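The structure appears below as structure tokens.
The values are calculated or read from the model by the stated rules, or taken from the named source; none is laboratory data. Keep in mind it's a predicted model, so treat the numbers as computed, not measured. In this analysis, Cβ positions are derived from the backbone assuming ideal geometry, glycine residues included, and neighbour counts consider all displayed protein chains.
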Amino acid sequence: MAEIKSALELAMEKSKKYVISDEERERLREKEILQKATGLFHRYREGYLSQNEMMREIEKMDEKVRERVKEVLFSRWTNALSLDSDPERPFGAIESLKGRSLNDIRKKFESLRSVYRKEIEEARQTLSLEIVKVLKDEGIDGEAVEPNVEGSEKWKGRIEEVNRSHQERLKEIKDALNRL
């Protein structure tokens with residue numbers, strides 16, 4: 001009498017033909033690590049995860065995975081540093097990942113960000129005055145006139161110019177972080 005095989009036994013027999021190579025296994029492992037790191041990055045950045053919770057989740061991971069996730073997160077947080085956004089969360093995450101304070105680098109960044117913001121505000125005021133003058137020359141005047149600085153092409157060009165002028169110093173700060 002023929003033996004009846006279960007669905008699991010049949011599936012196991014069929015799957016014997018398929019073997020995952022070491023290369024494919026490593027690629028899948030790296031993809032899984034990137035997904036974990038990306039999830040932690042976004043949850044922390046958006047405020048759904050505290051710094052302590054992020055570090056607790058990382059510490060629960062296998063040692064090799066933990067180190068790779070830290071590398072990916074460090075890279076992401078370093079790249080996320082921007083002169084336009086609040087640096088508190090990125091620096092907090094980087095300090096947690098490195099296990100040390102980064103006051104010197106943080107001060108350099110804040111100084112650069114302060115200069116950047118000052119230049120942006122000066123550009124905004126200068127352009128606002130220019131727009132008001134042009135409108136006044138066209139007969140449009142009064143307290144209710146509010147120039148749309150951000151909508152002008154000059155503004156976009158000026159912002160790009162200010163960004164370019166500070167990118168080298170921002171890169172130096174990011175390089176200093178990467179040397180940690």
Point to revise | Test result for Val145, in a helix (DSSP H, G or I) and over 30 Å from Ala176 (Cα atoms) | key: no
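What is the residue count in the range 101-116 for residues that are in contact (Cβ under 8 Å) with a residue 12 or more places away in the chain and charged (D, E, K, R)?
Residues of the range 101-116 in contact (Cβ under 8 Å) with a residue 12 or more places away in the chain: 102, 105-106, 108-110, 112-113, 115-116.
The next check asks that each one be charged (D, E, K, R); those that pass are 106, 108, 110, 113.
Going through the range 101-116 one residue at a time, the tally reaches 4.
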Point to revise | Filter pass, Tyr48 being in a loop (DSSP other than H, G, I, E, B), over 18 Å from Ala93 (Cβ atoms) and out of contact with any helix residue (DSSP H, G or I) (no Cβ under 6 Å at 6 or more places or on another chain) | key: no
**Study point:** Which numbered condition Val69 misses (of (1) surrounded by 12 or more Cβ atoms within 10 Å (Cβ to Cβ); (2) in the same structural domain as Glu172 (by TED's automatic domain parsing); (3) of a type outside the set (S, T, N, Q))
**Key:** (2)
Exercise for review: Can you give me the number of residues within the range 78-109 that are surrounded by 13 or more Cβ atoms within 10 Å (Cβ to Cβ) and either in a helix (DSSP H, G or I) or touching a strand residue (DSSP E or B) at 6+ places or on another chain (Cβ under 9 Å) (or both)?
Suggested key: 16
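Would you mind finding the one in Ser165, Ser75 that is among the hydroxyl-bearing types (Ser, Thr, Tyr), modelled with pLDDT of 90 or more, in a helix (DSSP H, G or I) and within 30 Å of Ile33 (Cα to Cα)? Give the derivation first.
On the way: Ser165 fails: within 30 Å of Ile33 (Cα to Cα).
Exactly one residue qualifies, and that residue is Ser75.
Can you confirm whether the range 19-36 contains a residue that is closer than 27 Å to His166 by Cβ and assigned to a helix (DSSP H, G or I)?
Pass one, the range 19-36, residues closer than 27 Å to His166 by Cβ: none.
No, there is no match, as no residue in the range 19-36 is closer than 27 Å to His166 by Cβ and assigned to a helix (DSSP H, G or I).
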